[in-house]
1. Please work out if Leu211 is assigned to a helix (DSSP H, G or I) and either among the β-branched types (Val, Ile, Thr) or closer than 26 Å to Leu47 by Cβ (or both).
2. Within the stretch 104-126, can one find any residue that is more than 23 Å from Leu47 (Cβ to Cβ), at pLDDT below 95 and small (Gly, Ala, Ser)?
3. Kindly check whether there is at least one residue in the stretch 55-73 that is more than 16 Å from ligand 2 (Cβ to nearest atom), more than 18 Å from the chain's Cα centre (by Cα) and not in a loop (DSSP other than H, G, I, E, B).
4. Restricted to the stretch 74-99, and to residues that are within 16 Å of ligand 2 (Cβ to nearest atom) and not in a loop (DSSP other than H, G, I, E, B), which residue is nearest to His49 (Cα to Cα)?
5. Could you tell me whether Val7 is under 29 Å from Ile85 (Cβ atoms), out of contact with any Asp or Glu (no Cβ under 6 Å at 6 or more places or on another chain) and in a strand (DSSP E or B)?
6. Residues that are over 25 Å from Gly68 (Cβ atoms), buried (at least 21 other Cβ atoms within 10 Å of the Cβ) and of a type in the set (S, T, N, Q): does the stretch 187-203 have at least one?
7. Evaluate the following for Ala184: is it surrounded by 24 or more Cβ atoms within 10 Å (Cβ to Cβ) and closer than 27 Å to Gly88 by Cβ?
Amino acid sequence: MKTRAAVLRKSPVERPYANTRPLSIETVDLDPPGPDELLVRIGAAGLCHSDLSVINGDRPRPVPMALGHEAAGTVEAVGSGVRDIAPGDRVVMSFMPSCGHCLPCAEGRPALCIPGAEANGKGTLLSGERRLRCDAVPVHHHLGVSAFADYAVVSRHSAVRIEADLPMVEAALFGCAVLTGVGAVVNTCQVRPGQSVAVVGLGGVGLAAVLGAIAAGAERVVAVDLSDDKLKLALQLGATDAFLAGGPDVAERIREATRGGVDHALEAAGSAGPSSLPTGSRGAAV
Ligand SMILES: NC(=O)c1ccc[n+]([C@@H]2O[C@H](COP(=O)([O-])OP(=O)(O)OC[C@H]3O[C@@H](n4cnc5c(N)ncnc54)[C@H](O)[C@@H]3O)[C@@H](O)[C@H]2O)c1
Ligand SMILES: [Zn+2]
Ligand SMILES: [Zn+2]
């Protein structure tokens, strides 16, 4: 079948993107799903900083590649080996396929799946196949999803079935921002009730980390960003303190406000610029 997809044809691409137009909306061929794969009609997809990092070359990936990895949709067809998902089911796509058999998967750490990471690096689905083509030339998949498109073929192991009444826009966020931000709080930091957490960088991932910290029972949730608007948003969501990044004494002021420093500090800015992490804290970078 044919589908429209946003294809990156070279990387890195120079800014400003309004002039260089890194993505072209193309009509491409989409093969039917293999035995362990699904055809999904995309309902919503978000732009994650990691898409931008493929465009600017910070994350080198093979091109041409159809971008977009934070998405939700409706299953249209399933491969011959899929038994637990049916057409009509709603799914969220995960940017990290997990095979279920390798050592990290067997140890209960599917985010570190070895074949999943290999497939993502090569721009294939977990099966090693590419189901997208343009003029007979294979187009790579972004993180096994390639969701800036009308339709996508994904591995069964890249999809999680969700409730039928969860709106697509909110559901899509679970495909990356929520998975990453809340996962860092709950699994990596293992935040406990009463602890303090600082989140530096309040994009999709950082704001999800703020929400995750509140849900985990953190007593102080310190939000840090270069943008005043992001600080306001974090406070609306329930952060207890907000600091504008960039000043020389931000870390010191956070230490003062939190009686010597936070229990956990997360970096979700994706910037190599001046850091505001209060040193001495346990940290997690996403
Ligand atoms: N490892 C993973 O699983 C994973 C998943 C998703 C995203 N990421 C990475 O996480 C990072 C955040 O992703 P996002 O989509 O939320 O990004 P985003 O661009 O939406 O948000 C980044 C935020 O950081 C702020 N910021 C930039 N520089 C800063 C600085 N020096 N100090 C404080 N704040 C600063 C920006 O104002 C912005 O609000 C990116 O690097 C992305 O590639 C990793
Ligand atoms: Zn992402
Ligand atoms: Zn695995």
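The values are calculated or read from the model by the stated rules, or taken from the named source; none is laboratory data. For clarity, every value in this text was computed on a predicted model and none was experimentally measured. Virtual Cβ from ideal backbone geometry, glycine too; neighbours counted across all protein chains shown.
1. Working: assigned to a helix (DSSP H, G or I): yes; either among the β-branched types (Val, Ile, Thr) or closer than 26 Å to Leu47 by Cβ (or both): yes.
Taking the combined requirement at face value, the residue satisfies it.
2. Looking for residues that are more than 23 Å from Leu47 (Cβ to Cβ), at pLDDT below 95 and small (Gly, Ala, Ser), one finds at least one in the stretch 104-126, hence yes.
3. Scanning the stretch 55-73 turns up no residue that is more than 16 Å from ligand 2 (Cβ to nearest atom), more than 18 Å from the chain's Cα centre (by Cα) and not in a loop (DSSP other than H, G, I, E, B).
4. Met93
5. no
6. yes
7. On the way: surrounded by 24 or more Cβ atoms within 10 Å (Cβ to Cβ): yes; closer than 27 Å to Gly88 by Cβ: no.
In short, no.
So that you can scan it fast, the table gives a plain yes or no per residue for (1) surrounded by 15 or more Cβ atoms within 10 Å (Cβ to Cβ); (2) within 16 Å of ligand 3 (Cβ to nearest atom); (3) touching a residue at least 60 places away in the same chain (Cβ under 8 Å); (4) among the small types (Gly, Ala, Ser):
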{"site": "Gly88", "(1), (2), (3), (4)": "no, no, no, yes"}
{"site": "Glu107", "(1), (2), (3), (4)": "no, yes, no, no"}
{"site": "Pro110", "(1), (2), (3), (4)": "yes, yes, no, no"}
{"site": "Ala119", "(1), (2), (3), (4)": "yes, yes, no, yes"}
{"site": "Leu143", "(1), (2), (3), (4)": "yes, yes, yes, no"}
{"site": "Ala149", "(1), (2), (3), (4)": "yes, no, yes, yes"}
